[in-house]
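Peer 1: My questions all concern the structure below.
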Amino acid sequence: MCPEDWIHVQGSCFKFVSESLTWSEAKSACEDLGSMIAVVNSEEKQDAIAAADRYQWIGLHRYPADTSQWLWVDGSPLYCPYWDDGEPDNHKGEFEGCGEMYRSGVWNDYPCEVQLPYVCEIRGWFNSLIR
């Protein structure tokens, strides 16, 4: 029921994009597809995205007004965190303002300017078809 090349998980559709972009570019590319960079707010979504077995951007970033806080691109607070041990850590003092998912499925803070594959999400796809 999702668009071609998208997978369904918990009422959302996900597209795994292998092109490597910066976090901001990935966010914009998802928006160009009528979606957003993925918000991982449940165990089911976490498991489905982790199953891709790759490094990838997710829609997690530091709150601009208080960089000690993390939030999702939809403005929701961090829920259900899957940080790797010791993360987030601003490795070696370098500011790491964006969230990536490791191949193992755990999260890491990472410099937003690095280019990685990413995952997009369309929420409520089935609800929009019913209306």
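The values are calculated or read from the model by the stated rules, or taken from the named source; none is laboratory data. Since the model is a prediction, treat every value here as computed from it, not as a measurement. Glycine also receives a Cβ, built like all others from the backbone with ideal geometry; neighbour counts cover every protein chain displayed. Calculation scope for accessible area: heavy atoms of the full protein, side chains included, ligands and nucleic acids excluded. Shrake-Rupley method; radii C 1.70, N 1.55, O 1.52, S 1.80 Å.
Peer 1: Based on this model, can you work out whether residue 63 counts as open to solvent by 80 Å² or more (accessible area, probe 1.4 Å) and among the hydroxyl-bearing types (Ser, Thr, Tyr)?
Peer 2: Yes, satisfied.
Peer 1: As an exercise: evaluate residue 8 against (1) part of a strand (DSSP E or B); (2) open to solvent by less than 40 Å² (accessible area, probe 1.4 Å) and give the number of the one condition it does not meet.
Peer 2: (2) is the only condition that residue 8 fails.
Peer 1: While we're on this one: Does the range 18-56 hold any residues that are farther than 21 Å from residue 71 by Cβ and either of a type in the set (Ser, Thr, Tyr) or surrounded by fewer than 19 Cβ atoms within 10 Å (Cβ to Cβ) (or both), and which are they?
Peer 2: 18, 19, 20, 32, 33, 34, 47, 51, 52, 53, 54, 55
Peer 1: On to the next question. Before we move on, is residue 33 at pLDDT 95 or above and out of contact with any helix residue (DSSP H, G or I) (no Cβ under 6 Å at 6 or more places or on another chain)?
Peer 2: So residue 33 fits the description; yes.
Peer 1: Identify the single condition in (1) among the basic types (Lys, Arg); (2) assigned to a loop (DSSP other than H, G, I, E, B); (3) within 10 Å of residue 120 (Cα to Cα) that residue 27 does not satisfy, given that it satisfies every other one.
Peer 2: So the condition that residue 27 fails would be (2).
Peer 1: In the range 97-107, which residues are open to solvent by 10 Å² or more (accessible area, probe 1.4 Å) and in contact with a Phe, Trp or Tyr (Cβ under 7 Å, 6 or more places away or on another chain)?
Peer 2: Once the filter is applied, which keeps residues that are open to solvent by 10 Å² or more (accessible area, probe 1.4 Å) and in contact with a Phe, Trp or Tyr (Cβ under 7 Å, 6 or more places away or on another chain), the range 97-107 yields 102, 103, 106.
Peer 1: Would you mind telling me which numbered condition in (1) aliphatic (A, V, I, L, M); (2) part of a loop (DSSP other than H, G, I, E, B); (3) within 20 Å of residue 4 (Cα to Cα); (4) open to solvent by less than 30 Å² (accessible area, probe 1.4 Å) residue 119 fails?
Peer 2: (2)
Peer 1: Yes or no: the range 26-39 includes at least one residue that is under 23 Å from residue 115 (Cβ atoms), free of Cβ contacts under 8 Å to residues at least 60 places away in the same chain and among the aliphatic types (A, V, I, L, M).
Peer 2: no
Peer 1: For the range 52-77, what are the residues that are outside any strand (DSSP E or B) and in contact (Cβ under 8 Å) with a residue 24 or more places away in the chain?
Peer 2: 52, 53, 54, 55, 73, 74, 76
Peer 1: Looking at the range 85-94, can you tell me whether even one residue there is open to solvent by less than 40 Å² (accessible area, probe 1.4 Å) and assigned to a loop (DSSP other than H, G, I, E, B)?
Peer 2: Yes, there is a match, as at least one residue in the range 85-94 is open to solvent by less than 40 Å² (accessible area, probe 1.4 Å) and assigned to a loop (DSSP other than H, G, I, E, B).
Peer 1: I'd like to check something: does the range 17-24 contain any residue that is within 14 Å of the chain's Cα centre (by Cα), of a type outside the set (Ser, Thr, Tyr) and not in a helix (DSSP H, G or I)?
Peer 2: Yes, because at least one residue in the range 17-24 is within 14 Å of the chain's Cα centre (by Cα), of a type outside the set (Ser, Thr, Tyr) and not in a helix (DSSP H, G or I).
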